[in-house]
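Notes for the one structure printed next.
The values are calculated or read from the model by the stated rules, or taken from the named source; none is laboratory data. Worth saying up front: this structure is predicted, and the values here are computed from it rather than measured. In this analysis, Cβ positions are derived from the backbone assuming ideal geometry, glycine residues included, and neighbour counts consider all displayed protein chains.
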Amino acid sequence: MNSIWDVIKGPVITEKALTMKDEMESMGRAGNDRQMLTLRVAINATKPEIRNAVERILGVKVEEVRVANYRGKEKRSPGRRQSGRRADWKKAYVTLKSGQPSVLYEDAI
């Protein structure tokens, strides 16, 4: 990719993502203070590129990056016999190392 800003599209703020973030923080009270971010990334971004972009943009150390590829949904136009597809996209689950400063979704890009 050309730029680190091309890798990360933005945060994914869903009920599942917030639940996973809360579970990681609740486990942190037991001596493990890791955090998890869920980000929408470029479809051709690799794990090392995602790690590098998060570390440079947010100024934190990344422990693990997991990715999931999603196919675009098929949508039909009402009143027409046409159908189209939304674009495919990729989601990254980024786990930060212990002892990193707290990152809010508002700060995450």
Got a sec? Which of 101, 48 is farther than 22 Å from residue 14 by Cα and either buried (at least 16 other Cβ atoms within 10 Å of the Cβ) or modelled with pLDDT of 95 or more (or both)?
48
What is the number of the single condition among (1) modelled with pLDDT of 95 or more; (2) part of a helix (DSSP H, G or I) that residue 90 does not meet?
(2)
Starting from residues that are surrounded by fewer than 16 Cβ atoms within 10 Å (Cβ to Cβ) and modelled with pLDDT under 80, keep the ones in segment 24-43 and report whichever is farthest from residue 58 (Cα to Cα).
30
